[in-house]
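K.L.:
Before we start, here is the structure in question, set down as structure tokens.
The values are calculated or read from the model by the stated rules, or taken from the named source; none is laboratory data. Since this is a predicted model, take the numbers as computed values, not measurements. Cβ sites come from the backbone with ideal geometry, for glycine too, and all protein chains shown count toward neighbours.
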Amino acid sequence: MELKTEAVVLRAANYKESDMLLTLYSLNDGKITAKISGVKKANAKLKFCTQPFCFAEFMLSKRGDFHTVTNAACIDMFYQDADINKIYAGFTALEIVSNLGGGENKDRFYQLVNFLKELKYGEVNYLTLLNSFLLNFLKSEGYGIFSANCPVCGKKIEDRVKFDFESAAFFCFDCNEQGTEIRRETYLTFEKFSNNNFDVTEKGNIGLLKLLDFYITEKLNFNIKSLSELLKLSFGLK
Ligand SMILES: [Zn+2]
């Protein structure tokens, strides 16, 4: 069966002597693996497809669960000319999609493509874009963190703040025993994102990314290596 779909290349791995296996996030089928033949030669026509972040229209032939790329037309190469921090931000998105994005979901597909577009062409700070993407993606996967008053006393959180990974909620310091204390600025930054106010500081953005990094590790049991690298290399955080 022949099928045509837009897709973003998440990963490319060597396969046999001259072939590669692409992990694609496709509009029509979600995450799929597809073999692509003869792309290792320098002048191979479809070589561009083996770049992570490549966004293209793919022609695939499908036999059972096995896909083979028969042709592709490049729509955009999001990777090109990006600085190293933006590349880590982009890889963070590819990693979370690769771990969570299972079957077909057009909303998630467009979330990813729009994020990569904004990262390359937009004016908004890349850390702000990344936090916004992660918060929305987690929400659409059923792991959203919600803005609300303290679940115990029902009051607005005024002073010191704790975040509880299990319930994905914020509490007053004295209302929760098991949570981890976080900076108030991180909490206020989260609140701004919840209200679609993206006027946030770099410190607030980094605090929130660190919180999301911990949250994903604790709650979803996988580690986003590119996010850890971004925090470590760019901001000296472990
Ligand atoms: Zn409380």
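K.L.:
Of the residues in the stretch 12-34, how many are surrounded by 16 or more Cβ atoms within 10 Å (Cβ to Cβ) and of a type in the set (Lys, Arg)?
P.N.:
1
K.L.:
Would you mind telling me which numbered condition in (1) buried (at least 18 other Cβ atoms within 10 Å of the Cβ); (2) within 20 Å of residue 128 (Cα to Cα); (3) not hydrophobic (A, V, I, L, M, F, W, C) residue 83 fails?
P.N.:
(1)
K.L.:
Can you tell me which residues in the stretch 137-169 are over 16 Å from residue 216 (Cα atoms), within 13 Å of the ligand (Cβ to nearest atom) and either touching a residue at least 12 places away in the same chain (Cβ under 8 Å) or within 21 Å of the chain's Cα centre (by Cα) (or both)? Outline the logic, then answer.
P.N.:
So in the stretch 137-169, the residues over 16 Å from residue 216 (Cα atoms) come out as 147-162.
Keeping just the survivors that are within 13 Å of the ligand (Cβ to nearest atom) gives 148-162.
Selection gives 148, 150, 151, 152, 153, 155, 157, 158, 159, 160, 161, 162.
K.L.:
State whether one or more residues within the stretch 62-85 are basic (Lys, Arg) and in the same structural domain as residue 131 (by TED's automatic domain parsing).
P.N.:
So far as the stretch 62-85 goes, no, none of its residues is basic (Lys, Arg) and in the same structural domain as residue 131 (by TED's automatic domain parsing).
K.L.:
For the stretch 118-133, enumerate the residues that are farther than 14 Å from residue 189 by Cα and not charged (D, E, K, R).
P.N.:
Passing the criteria: 119, 121, 122, 124, 125, 126, 133.
K.L.:
Here's a follow-up. Please work out if residue 53 is under 15 Å from residue 2 (Cβ atoms), touching a residue at least 40 places away in the same chain (Cβ under 8 Å) and not acidic (Asp, Glu).
P.N.:
Values: under 15 Å from residue 2 (Cβ atoms): no; touching a residue at least 40 places away in the same chain (Cβ under 8 Å): yes; not acidic (Asp, Glu): yes.
Criteria not met by residue 53.
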